[in-house]
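Below is one structure, written out as structure tokens; comments come after it.
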Amino acid sequence: MNSNTISNGILKAIGIILGIALILYFLYQIQSVIGYVAIAAVISLIGRPIVLFLERRLKFKNTIAVIVTMLVLLSLFIGLVGLFIPLVVKQGQNLSLLDIDLLQENIENLYIEILKYFDLHKIDVEQSLKDSNLLSKINFAMIPNFLNSVLSGLGSFSIGLFSVLFISFFFLKDSRLFENGILTFIPANKESRWKNSSTKIKDLLSRYFVGLIFQILILFIIYTIGLLIIGVENPIVIAFLCALLNLIPYVGPLIGAALMLTLTMTSNLGESFSDVILPKTFWVFIVFMIGQLIDNFGSQPVIFSKSVKSHPLEIFLVILITGILFGIIGLIIAVPAYTAIKVILKEFLAENKIVKKLTKGL
């Protein structure tokens, strides 16, 4: 091996590294666009069964079926916005005009009630509050500032919404648009296998995302009915947020529980802790547990077995590993990514013993 060969190899390696670095930098710069494409892909998978129904059963033309599907999905989105935005805006107005000193005083009173309830009133509570300066360190003025930042982000949200709708339309209109782009990088002798796996992936993921929608809807109904019976303020908003957080496996329900209990307690500031706040919080926790039991032993097994055709233990391990490696994003994309990988492995490595075991149900 002469010096020219070595130098050419080094230059080639450097060129490859620089090329990869430039590609990663480019992807980082357009991460928002990648996010729009990913969201549009999910929407197209959710809308795909509707398009197929309109084309096969009602004999709609492709373009008309896609337009009707987009209108249905957009109507559902507008309906949710129309349902929740007025309530959120009302709360935002209340917080923006909030007397910060009054809020701090109410929270201090709640703190005192808790200490008294647990027989800690032997301590001079007022003096301990003054000595610790615990509540004085909390910047309550951050609440209106946070709301202002949310409002300033609405402009960016509108641009993102238009981009997602535009991309989703063409993904639904030409379901092979994304697939044809990938075929550019697939060898000619492997194209048929890729097409088969792509169709299978779209079918499985469509069922999975539709199943998730039903999962959220079931939790939303359970939470809403329970919170209405208990008499919690803004039960629809709280129920929807907690049901939506359930999309994040394992971590989401914990965040939802904390959110539900916190909003319940803070909505009753100034009331007696032992007579009002504690009993109401206890019953809210019972409602949350009922919803989780129905979800864990009813909804989730059906979704995993019927849609992605994977064992619940298998899914648990995959979610756990991806969560450790990639955090919250890993928890969310674990099941769709794992399903896609299984289908591709079955198509290209069907004779492998391990692949046979993993893809037995596909």
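The values are calculated or read from the model by the stated rules, or taken from the named source; none is laboratory data. Not measured: the values here are computed from a predicted model. Quick reminder, even Gly has a Cβ in these numbers, built from the backbone with ideal geometry, and neighbours come from all protein chains shown. Ligands, DNA and RNA are stripped out before the accessible areas are found, and what is left, the full protein with its side chains, is counted by its heavy atoms. Shrake-Rupley method; radii C 1.70, N 1.55, O 1.52, S 1.80 Å.
Restricting attention to region 303-345 and to residues that are basic (K, R) and at pLDDT below 80, the residue that is most open to solvent (accessible area, probe 1.4 Å) turns out to be K306. Looking across region 9-60 at every residue that is farther than 16 Å from F170 by Cβ and of a type in the set (D, E, K, R), the one that is least open to solvent (accessible area, probe 1.4 Å) is identified as E55. Against the test of being within 21 Å of the chain's Cα centre (by Cα), closer than 19 Å to K200 by Cα and of a type outside the set (K, R), the options V355, V335, V318 yield a single qualifying residue, V335.
Does I10 count as assigned to a helix (DSSP H, G or I), of a type in the set (V, I, T) and at pLDDT 85 or above? Against the criterion (assigned to a helix (DSSP H, G or I), of a type in the set (V, I, T) and at pLDDT 85 or above), I10 does not qualify. Give me the residue from region 40-69 that is among the hydroxyl-bearing types (S, T, Y) and out of contact with any Gly (no Cβ under 8 Å at 6 or more places or on another chain) and, out of that set, modelled with the lowest pLDDT. Checking each candidate, the answer is S44.
Listed by first and then second residue, the pairs with beta-carbon distance under 7 Å, at least 6 apart or on different chains, first residue in region 208-225 and aromatic (F, W, Y), second open to solvent by 30 Å² or more (accessible area, probe 1.4 Å), are F209/V42; F209/I46; F220/F240.
For the condition under 17 Å from D203 (Cβ atoms) and of a type in the set (V, I, T), I46 qualifies. If I filter region 76-84 for residues that are open to solvent by less than 50 Å² (accessible area, probe 1.4 Å) and at pLDDT 85 or above, do I get at least one hit? Taking every residue of region 76-84 in turn, none turns out to be open to solvent by less than 50 Å² (accessible area, probe 1.4 Å) and at pLDDT 85 or above. Only one entry of V72, V88, V125 meets the criterion of being surrounded by 12 or more Cβ atoms within 10 Å (Cβ to Cβ), modelled with pLDDT under 65 and under 27 Å from P235 (Cα atoms), and that entry is V88.
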